[in-house]
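First the structure, in the form of structure tokens, and then the observations on it.
The values are calculated or read from the model by the stated rules, or taken from the named source; none is laboratory data. Source: prediction; values computed, not measured. Ideal geometry is used to build each Cβ from the backbone, glycine not excepted, and the neighbour counts take in all protein chains shown. Note: areas computed on protein heavy atoms with side chains; ligands, DNA, RNA excluded. Shrake-Rupley method; radii C 1.70, N 1.55, O 1.52, S 1.80 Å.
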Amino acid sequence: MAELDKEIQYLPIEVKHLILQHLPIEQIARTSILCTQWRHVIYSHPNLIFDQNSYDHWLKNQCYTPFKSPVDEFLKSIIQILSNYTGLLKRFTLYVPYEEVWKNSHSLVRQIVSMVPKTITHLCVRNDAHDMCQLKISLFKELTHLELDRCSILSRLQTTLFPKLTQLDLRRVCITRDLVHALKRIAPRLERLRLRSCYGLDPDATTIDVPSLTELFMDKCRFYVVLSSDTSKLSSVTIGLDRHWSSLIGFHQYLHKLTRLEILDFYTFRVLCQGLKQIELANDTPWALQTLVIHGIDLSESEYSATGLIELLQRAKNVRELWIKDTTRPGRCQSDESLSCRFIGVTLDRLRTLSFTFQCVSRVDVLLLKCLLGCAPALVNLNIGFGGRLGVSERQNVVKKLLEFYRASLDVKVTYVEDIAVP
């Protein structure tokens, strides 16, 4: 044991960082406390991740008086680590928990952000309080990834704030027209924009004009969006609409430029299909769509799901990967024999991978899968996923029904998995 301790003692600091890279920050802190040879590692570790798990672990193992805020004590412990930090920090994540009684921790948060080295490349600040946290992050010139939750971001400055920023994640942030227009100026190299549960104050549509943008992710956002003609590099869009606020206005005409489209819910899928009926697209303009991912098709709504899916597949003839997840809800599925007739004329000659997730066992589910297999003569990979509610007997029933109408040839690889992870 003594010889092993000596070998650990002479390990290079880079190797120690590589070992601790696979552990959460609370385990790293515990290791530095229990072992004197590793005590200095936490003060030079390149990734400091203080997330919700770190706070829960700290809250469970620390003793504090009821007259002190546990949030403030947690933030003060982070300040102590940063004050003794001597390494080259690359990634920093701060989770600010919400407490009903203690709500005056923003000054400590600002102090922590000011102590973070300005050479970091990844910065994440997640605020669980209801009020917005005002942060000065304009000095982080080396940032490549920025993630903010209920934190304001500067937008009125005339100079470039983040010259190397390639990914921006905003959650529960007010998206104003000035902020969207400033993205082109403050982050000229922005490639990935992710918006979750964001809201806007402008009654008119917000135009996204970022020439370098290649990926757009929007989920439950409460504002109208128009894609500018300058977003010529945009190739991947993931979208999920808020039922009462959002719209796909100004979006359909750019579908022929995308190579990947992911629809996150049935409501968005229905709005997309309705929009395709209202606009006129040139029939001779083929879509470049190669990957299509659809979540939450409600097969009980046959008016929208079957017809809409067929129209979408007829326009996306070049699709190579088709992912259908969360198709049905138990108790609402009804058989529809006319579904196979609607798929007559639909051809997916370039489809190579088909992934289908069963949430329940119904005749409509199996019939839809049968129709999709009949449209894909060049299929190579067939992935069958099962939702968490399906038991062993129900899964065996799915396999039995699949084998009744489909015999996998040597050219098609069939895989049964617990759940299908979307790329």
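Can you give me the ranges of the strands (runs of 3 or more DSSP E) entirely in segment 27-132 with at least 1 residues that are aromatic (F, W, Y) and modelled with pLDDT of 80 or more? Working first, answer last.
On the way: elements: 47-50, 91-96, 122-127.
Ranges flagged: 47-50, 91-96.
Per-residue answers, yes or no, for (1) closer than 25 Å to D128 by Cα; (2) not hydroxyl-bearing (S, T, Y); (3) not in a strand (DSSP E or B):
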position	(1), (2), (3)
D169	yes, yes, no
L179	yes, yes, yes
K184	no, yes, yes
L195	yes, yes, no
T207	no, no, no
S212	no, no, yes
F217	yes, yes, no
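Which of the residues that make up segment 220-243 are of a type in the set (D, E, K, R) and open to solvent by less than 40 Å² (accessible area, probe 1.4 Å)?
Residue satisfying the conditions is D242 alone.
Starting from segment 332-357, take each residue that is within 24 Å of N381 (Cβ to Cβ) and in a strand (DSSP E or B) and list its partners that are open to solvent by 70 Å² or more (accessible area, probe 1.4 Å) and modelled with pLDDT under 80, counting only C-beta distances under 9 angstrom and pairs at least six apart or across chains.
What qualifies is T357/D419.
Anything in segment 216-233 that is closer than 15 Å to I175 by Cβ and β-branched (V, I, T)? List them, or say none.
If the condition is that a residue be closer than 15 Å to I175 by Cβ and β-branched (V, I, T), then V225, V226 are the ones that fit.
Going through segment 176-196 one residue at a time, which ones are touching a Phe, Trp or Tyr at 6+ places or on another chain (Cβ under 6 Å) and surrounded by fewer than 21 Cβ atoms within 10 Å (Cβ to Cβ)?
The one that is touching a Phe, Trp or Tyr at 6+ places or on another chain (Cβ under 6 Å) and surrounded by fewer than 21 Cβ atoms within 10 Å (Cβ to Cβ): R194.
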